[in-house]
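Before I ask anything, let me first share the structure, which is written out below as structure tokens.
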């Protein structure tokens, strides 16, 4: 199937052709026809498989047909919202010309108010800022009939459930909902039962297995040697590299050291203003900086095709984030590589990650050490008992030998005893 075969408006077909989207990915070819029929969709697929276009094409088609309709797309992070809007703008050419607004934190409220006042019918944003506009009554959601919850699992992990529920109170009950996620935990299923109306289930690939084209490697190392090994890896590898660390402070610290050592690097984390984040991502995408050091804020939503390597300098806090981290490379069918540094402190988290990727890992992992431990314990006891027995026998023999020698000496000493000359017994005189 090609995009030209879809039952969509000619204007939209033209914009897809101009944007150079040719062959749909599996998630697109499965979900777009269902969405065009007006049905709710519960879609799951690995990162980098084109979920954004899967809900953008049906949305634009619906808004072209119904001039009064509105669409709301809710994303977990500013970066993802910005990238979704980028895809929308690629297709929303002058011939289509549907008003839009990007509502995210860190951006000027005045700019967003101006966008909303121009009859914006496509709203893309994060839960917090969307709620801000709803409370200010600068955003009216009464005409929304197309709702997208993108990267829903991430939004729930970040604690956005109450804010999402507040937003949905202002959305009409009669609307089409598309819920997309990279993983499908139990809380997602609960939300789908509550807010989706007989959704069509669309699933492409394994939810917990990274894309096959990503070459995964691990490197056992001590914490004090991590940075030196990072330098070695940067020298050996060619192309752009995304380095994941645990903390904001750690990201800034590593970038400072990398720049001192002559590498072009930038950091992205939650403490940066949105304008700075955009500048950093733009610079990385354009090749101004070869290395991007990021916290998990960049694990989702960063769609930068130039990323050839991902290095997990630190492991993530949540096992699922490992899948999303390495999913930043190997985008759109390209090859990629992911290297993970492992220290002794990372054992438990790494086991959890392995268990997520391979459910049988626990059985393989735990059976081996227990057997080894048992053998080791038995050998130790055997050696201990043998040593104890030998030691006690030697000690006993020495004791007997010493006693015999002592008795013998005492007898001789007593027998050959002579009184010294001028020896006299002193008699105690009574006073």
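The values are calculated or read from the model by the stated rules, or taken from the named source; none is laboratory data. Remember, predicted model here, so these are calculated numbers, not experimental data. Using ideal geometry, Cβ is built from the backbone for each residue, glycine included, and neighbour counts are taken over all protein chains shown.
Quick one: residue 173 ticks every box in (1) farther than 23 Å from residue 84 by Cα; (2) touching a residue at least 12 places away in the same chain (Cβ under 8 Å); (3) in the same structural domain as residue 72 (by TED's automatic domain parsing) except a single one, so which number is it?
Residue 173 satisfies every listed condition except (2).
Restricting segment 326-346 to residues that are more than 22 Å from residue 228 (Cβ to Cβ) and in a helix (DSSP H, G or I), which is modelled with the highest pLDDT?
Looking only at segment 326-346, we keep the residues that are more than 22 Å from residue 228 (Cβ to Cβ), and these are 326-336.
Within this subset, residues satisfying the condition of being in a helix (DSSP H, G or I) are 326, 331-333.
Details: 326: 85, 331: 68, 332: 60, 333: 62.
Selected residue: 326.
Test of understanding: among 58, 26, 33, which residue is touching a residue at least 12 places away in the same chain (Cβ under 8 Å) and buried (at least 19 other Cβ atoms within 10 Å of the Cβ)?
The match here is 58.
Evaluate segment 316-324: report whether one residue or more is at pLDDT 85 or above, more than 17 Å from residue 356 (Cβ to Cβ) and surrounded by 20 or more Cβ atoms within 10 Å (Cβ to Cβ).
Checked segment 316-324: no residue is at pLDDT 85 or above, more than 17 Å from residue 356 (Cβ to Cβ) and surrounded by 20 or more Cβ atoms within 10 Å (Cβ to Cβ).
Still on this model: I'd like to verify a number: residues in segment 81-98 that are more than 13 Å from residue 278 (Cβ to Cβ) and within 34 Å of the chain's Cα centre (by Cα), how many?
Going through segment 81-98 one residue at a time, the tally reaches 7.
For segment 232-249, which residues satisfy the criterion of being over 18 Å from the mean Cα position of the chain (by Cα), in a helix (DSSP H, G or I) and surrounded by 15 or more Cβ atoms within 10 Å (Cβ to Cβ)?
233, 234
Consider residue 4 against the criteria (1) in a loop (DSSP other than H, G, I, E, B); (2) surrounded by fewer than 19 Cβ atoms within 10 Å (Cβ to Cβ); (3) modelled with pLDDT under 90: it satisfies all of them except one. Which criterion is unmet?
It fails just one condition, (1).
For the subset of segment 133-153 comprising residues that are in contact (Cβ under 8 Å) with a residue 12 or more places away in the chain and over 20 Å from residue 177 (Cα atoms), which member is surrounded by the most Cβ atoms within 10 Å (Cβ to Cβ)?
In this case the residue turns out to be 133.
A further question follows. Test residue 162 against the stated conditions and say whether it is out of contact with any strand residue (DSSP E or B) (no Cβ under 9 Å at 6 or more places or on another chain), under 24 Å from residue 190 (Cα atoms), surrounded by 20 or more Cβ atoms within 10 Å (Cβ to Cβ) and modelled with pLDDT under 95.
Numbers: out of contact with any strand residue (DSSP E or B) (no Cβ under 9 Å at 6 or more places or on another chain): yes; under 24 Å from residue 190 (Cα atoms): yes; surrounded by 20 or more Cβ atoms within 10 Å (Cβ to Cβ): no; modelled with pLDDT under 95: yes.
No; evaluated as a whole, the condition is false for this residue.
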